[in-house]
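**Q** Quick one: the structure is below, and I'll ask about it shortly.
The values are calculated or read from the model by the stated rules, or taken from the named source; none is laboratory data. This is a predicted model, so every value here is computed, not measured. Positions of Cβ are generated from backbone atoms using ideal geometry, with glycine treated the same way; all protein chains shown enter the neighbour counts. For accessibility, only protein heavy atoms count, side chains too; no ligands or nucleic acids. Shrake-Rupley method; radii C 1.70, N 1.55, O 1.52, S 1.80 Å.
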Amino acid sequence: MSAQLKQIQSILKAKAIPEAKAAHERFVPGKESIYGVRTPVLNELAQQFKSGGFELLEELWKAGALEEKLLAVKMQGKIAKTDPERALKLTQLFAKSIGNWAVCDAMGMQGLKPILKTHQKEIFALAWKYNSSKDFWQRRLSLVLVEWYTRIKELHPEIKKLVKNLENDEEYYVKKAVVWINRNFTKGK
């Protein structure tokens, strides 16, 4: 365990509050342990520790608590431009063990945000890869990865194909993503 991870874990323990833990347990059901740290603290930590690089992100993810995983994804969003290929590979590594909607959505909306315009082809390839996964979190991720692109009318046909494949999905969180993306198509009309 690196000194940076120990430092982060110490800060997470110190900043944890029972109300935040109860809220996380209620709104983000999953198997991860929870410190009980609010999002603004995670945002500050992401900024403070982004220099730890991709190695620290992997270490945080493996540590496994909800806030550690969220922090890893937030930090990824701050450094993805430094090595887009590594950021894409890290997303694939993280996608193997998503355990709740908060981590899934953070991965899809924050982790690759700096490279959305430069690596559209690669991000859509990941979306297609996860679209037919046996893992329902990966299926949800397939839609969340392309959420930002719903702003671009020319990409609607391809996104609609991804959505169509999941329209009859039985999983609650996949259904919610289908509704979310379909709602995005009607915005701005």
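**Q** Name the lysines eligible as straight-distance cross-link partners of LYS21: C-alpha to C-alpha under 29 Å, and not fewer than 8 places from it in the same chain.
**A** LYS6, LYS13, LYS31, LYS50, LYS62, LYS69, LYS74, LYS78, LYS96, LYS113, LYS175, LYS176
**Q** Right, next: Which of MET75, LEU56, TRP180 sits farthest toward the positive end of the charge dipole of the chain, with +1 on the Cβ of Lys and Arg and -1 on the Cβ of Asp and Glu?
**A** TRP180
**Q** Using a 1.4 Å probe and ignoring any ligands, DNA or RNA, find the accessible area of TYR35 and quote it in Å² to the nearest 10.
**A** About 40 Å², ignoring ligands and nucleic acids.
**Q** Can I ask one more? Taking a cut-off of 15 Å between Cα atoms, list the aspartates and glutamates near LYS121, but don't count ones fewer than 8 places away on the same chain.
**A** GLU85, GLU147, GLU154, GLU158
**Q** Against the empirical 2.2 N^0.38 Å scaling, what ratio does the C-alpha Rg of the chain come to?
**A** So the Cα radius of gyration is 1.03 times the expected 2.2 N^0.38 Å.
**Q** Now for a different question. Could you give the dipole magnitude of the range 2-71 about its Cα centre, charging the beta-carbon of Lys and Arg +1 and that of Asp and Glu -1, in debye to the nearest 20?
**A** I would put it at about 160 debye.
**Q** Apply the Karplus curve 6.51 cos²θ - 1.76 cosθ + 1.60, θ = phi - 60°, to the phi angles in the range 13-28 and return the couplings in whole Hz, x for Gly and Pro.
**A** Residue by residue, the range 13-28 yields 5, 5, 8, 5, 10, x, 5, 5, 5, 4, 5, 4, 4, 7, 9, 10 Hz.
**Q** Now for a separate question. Share of the chain's accessible area from carbon and sulfur, percent, 1.4 Å?
**A** Its accessible area is 53 percent carbon and sulfur atoms.
**Q** On average, how much accessible surface per residue is there in the chain, in Å², for a 1.4 Å probe, leaving out ligands, DNA and RNA?
**A** 52 Å²
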